[in-house]
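Worksheet for the structure shown next.
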Amino acid sequence: MSSEVILPGDPIPLDSVIGNDLDDSDSGPVIQLGPGILHIPPETLLPIRAGTLTTLTRSKPPKSTTIYVDTSGGRYVPAVQDTILGTVIGRFGDQEKSFYRVSIPGSAAPIGILSSAAFANAASRHTRPNLSNGTTVYARISAFSIALGEPELECFDENTGKEGGFGELKGGMLADVSIGLARRLLAPNGAYGGPSVVDALGKLVPFEIAVGRNGRIWIDSESCKMTVAIITAIQEAEELPREQMEERVQKIIKGARKE
Amino acid sequence: MPRDLTPSTIENTFVLKALTERIRLDSRSFNQLRDLDISFSSTEYGVVDVKLGRTRVIARISAEITQPYTDRPYDGLFIISTEISPMAAPTFEAGRKSEDELVISRIIEKSIRRSGALDTESLCIISGEKCWAVRADVHFLDHDGGLMDAACIAVSAGLLHFRRPDITIEGVGSRREVIVHPITERVPVPLAVLHVPVCVTFSFFDVRKASSAISGRTRKDEAKDVDEDDVEEEEEEEEDDSSVAVLVDATLQEELLRHGYMSVTANTNREICQIQKGGDMPVDVGVLLSCSEAAIMVAEKVTKLINKRLKEDEARRNVGNLLVEARAENDR
């Protein structure tokens, strides 16, 4: 895992990116290209976006290195298995089979379809949740293609079939973050080197968080004031280097505690 | 297929609850403006970039010579174009005016053009034949609430910053000729700006609705919360003696959730140029008066900032004081 700032047209320092880890394999280094990098055959690689050049190395065989340009801007493009935060804005279908229309703020496909049967324990029509307009749901995109148009959503854990944190969110507050930050918050621990802002906050104050890949987060904590402080801390932390981030987070939380 | 942003119940409940505790989401006080930044183009006259928090607006002033309207031979033309593109927010559609957009362009029109900020008579060159047509193009780049406030500041500052080319009229009677001197040849002339209108939008929240918004959902456990909230709020009300929270310079989230708003345009002469009230919430006379007073205070502050930035820009352009020496109105 390494990263450096790169601009469109810059040469990609392939040697430093790949390192020596992969040289011992028989077939030579395998590089996978992610978003923001253009491959001009036979072997020219050109960044076409400004951002941080990020490499992810897979140590288990088959060994490979993924390189991509990480940017924090742009609009969210739905992808299967992404978790999103949406708002119920309507309902259609009959009693047997009804669907919710869910607005996905910040998304290129602004409306998703959520079946009322796509919840945990929703086998019977009587145990299905009854969501009113304006309800916020934490959902997973189960199917999407450009041709399909509207992403299909599900509100249960795919592996266990249980709730797993999905479904209606009650209380707390929603806030906007950049989709880059949302991605970073959802990345496995340490993927971006060192503790994240959530870890720093977790040491100071108990709170609940749900992160939608569409650039929305949901926070709930002990009081209004603390929730506002946590949201501020997360939003501000995006543009701070790690050392300053922890300091700033501590200051914000202390400020909220004082009064 | 862009849609209007629909605020969720969570946001609605939380914002109202926070307001009863006198907390805003960005930790501002109720009457505090966001960070305002005004910068002028280094190459062109009349191009202003205004940042109000995360809202960003660019205004460009331009002028050309045309024929005046036949019924107003002594008046020049002044047009403000405020088209909102999807660049500002995906909810705006290109080429189709939404209701919000109409309100915004209407308020800016009233604030600046109809309040007579620009003396259109000074734009007359030859009565009934030639006049200046001044045009203000407003581009909305980023939308985080307060579009009209930012646009009004941008146009006002742009008019102050703009310089039109100097002209001379030669000949007599029907053989008069207008000579336009390019700005590289003669020092360009500022516009006759009579006052600097600044628009301030106040957002009203009926904090009594905080309880009704929660009770809108008919659940038993929540009904219990409502009772507790009601008790708290009654105590609050006795302290504050008002059930209305008045916020200055709302963010987009606050704009979507507010129950009513009022845009007041004022200037440093303590004149109110226009008032527009929207939303379905009645407002007391007292609130209206205090808003007007607050708008004048903001106008003074913003005008001060505009003048400061203008002075800085002037100092940067006017190296060696040559522009002052070469001004057209000096004796030759």
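Readers should treat all values here as calculations from the given coordinates under stated rules, not as data from a laboratory. No experiment lies behind these values; they were computed from the predicted model shown. Note that each Cβ is placed from the backbone with ideal geometry, even for glycine, and that neighbours are counted across all protein chains shown.
Quick check on A:L185: is it away from chain B (no Cβ under 14 Å) and outside any loop (DSSP other than H, G, I, E, B)? Full working, then the answer.
Values: away from chain B (no Cβ under 14 Å): yes; outside any loop (DSSP other than H, G, I, E, B): yes.
In short, yes.
Taking region B:106-155, which residues are polar (S, T, N, Q) and surrounded by 17 or more Cβ atoms within 10 Å (Cβ to Cβ)? Write out each step before concluding.
Taking region B:106-155 and keeping what is polar (S, T, N, Q), we get B:111, B:115, B:120, B:122, B:127.
The answer is B:S111, B:S115, B:T120.
Somewhere in region B:117-124, is a residue within 15 Å of the chain's Cα centre (by Cα), more than 30 Å from B:R175 (Cβ to Cβ) and outside any helix (DSSP H, G or I)?
Yes, region B:117-124 has at least one match.
Considering region B:271-289 alone, what residues qualify as being surrounded by fewer than 16 Cβ atoms within 10 Å (Cβ to Cβ), part of a helix (DSSP H, G or I) and touching a residue at least 24 places away in the same chain (Cβ under 8 Å)?
Residue satisfying the conditions is B:L288 alone.
Counting just the residues of region A:124-148 that are within 14 Å of another protein chain (Cβ to nearest Cβ) and among the small types (G, A, S), which one comes out farthest from A:V80 (Cα to Cα)?
The residue in question is A:S132.
Please enumerate the residues belonging to region A:33-50 that are of a type outside the set (A, V, I, L, M, F, W, C) and either in contact with a helix residue (DSSP H, G or I) (Cβ under 9 Å, 6 or more places away or on another chain) or part of a loop (DSSP other than H, G, I, E, B) (or both).
Once the filter is applied, which keeps residues that are of a type outside the set (A, V, I, L, M, F, W, C) and either in contact with a helix residue (DSSP H, G or I) (Cβ under 9 Å, 6 or more places away or on another chain) or part of a loop (DSSP other than H, G, I, E, B) (or both), region A:33-50 yields A:G34, A:P35, A:G36, A:P41, A:P42, A:E43, A:R49.
Collect the residues in region A:74-84 that are within 13 Å of the chain's Cα centre (by Cα) and part of a loop (DSSP other than H, G, I, E, B), keeping them in residue-number order.
So the first thing to find is which residues in region A:74-84 are within 13 Å of the chain's Cα centre (by Cα), and the list is A:75-84.
Residues satisfying the conditions are A:R75, A:V77, A:P78, A:A79, A:V80, A:Q81, A:D82.
Quick one: how many residues across region A:95-108 are crowded, with 18+ Cβ neighbours inside 10 Å and either facing chain B (nearest Cβ under 10 Å) or not in a strand (DSSP E or B) (or both)?
Result for region A:95-108: 5.
Within region A:149-177, can you find the residues that are within 14 Å of chain B (Cβ to nearest Cβ) and farther than 16 Å from A:Y100 by Cβ?
Step one: filter region A:149-177 for residues within 14 Å of chain B (Cβ to nearest Cβ), giving A:149-151, A:167-177.
Hits for region A:149-177 are A:G149, A:K170, A:G171, A:G172, A:M173, A:L174, A:A175, A:D176, A:V177.
Out of A:T54, A:T65, A:T87, which single residue is part of a strand (DSSP E or B), within 21 Å of the chain's Cα centre (by Cα), hydroxyl-bearing (S, T, Y) and closer than 30 Å to A:P11 by Cα?
On the way: A:T65 fails: within 21 Å of the chain's Cα centre (by Cα); A:T87 fails: closer than 30 Å to A:P11 by Cα.
Answer to the check: A:T54.
Here's a check for you: in region B:269-328, which residue that is small (G, A, S) and closer than 24 Å to B:I153 by Cβ is farthest from the chain's Cα centre (by Cα)?
Filtering region B:269-328 for residues that are small (G, A, S) and closer than 24 Å to B:I153 by Cβ, the one farthest from the chain's Cα centre (by Cα) comes out as B:A315.
Which condition breaks for B:A18 when tested against (1) of a type outside the set (D, E, K, R); (2) more than 7 Å from chain A (Cβ to nearest Cβ); (3) without any contact (Cβ under 8 Å) to a residue 40 or more places away in the chain; (4) surrounded by 18 or more Cβ atoms within 10 Å (Cβ to Cβ)?
Of (1) of a type outside the set (D, E, K, R); (2) more than 7 Å from chain A (Cβ to nearest Cβ); (3) without any contact (Cβ under 8 Å) to a residue 40 or more places away in the chain; (4) surrounded by 18 or more Cβ atoms within 10 Å (Cβ to Cβ), only one is false for B:A18: (2).
List the residue pairs whose Cβ atoms are under 6 Å apart, where the first residue sits in region A:224-243 and is within 13 Å of chain B (Cβ to nearest Cβ) and under 14 Å from B:E21 (Cα atoms), the second is of a type in the set (D, E, K, R) and not in a helix (DSSP H, G or I), and the two are 6 or more positions apart or on different chains.
A:C224/B:E21
Regarding region B:56-77, can at least one residue be identified that is of a type outside the set (D, E), within 14 Å of chain A (Cβ to nearest Cβ), over 24 Å from A:P105 (Cβ atoms) and in contact with a helix residue (DSSP H, G or I) (Cβ under 9 Å, 6 or more places away or on another chain)?
no
Looking only at region B:180-207, which residues are without any contact (Cβ under 8 Å) to a residue 60 or more places away in the chain, in contact with a strand residue (DSSP E or B) (Cβ under 9 Å, 6 or more places away or on another chain) and among the hydroxyl-bearing types (S, T, Y)?
B:S203
Would you point out the residue of region A:198-221, among those that are more than 20 Å from A:T136 (Cβ to Cβ) and not basic (K, R), that is surrounded by the fewest Cβ atoms within 10 Å (Cβ to Cβ)? Please lay out each step first, then the result.
Within region A:198-221, the subset more than 20 Å from A:T136 (Cβ to Cβ) is A:199-206.
Cutting the leftovers down to not basic (K, R) gives us A:199-202, A:204-206.
On the way: A:D199: 13, A:A200: 21, A:L201: 24, A:G202: 13, A:L204: 18, A:V205: 16, A:P206: 9.
Across region A:198-221, the extreme among qualifying residues is A:P206.
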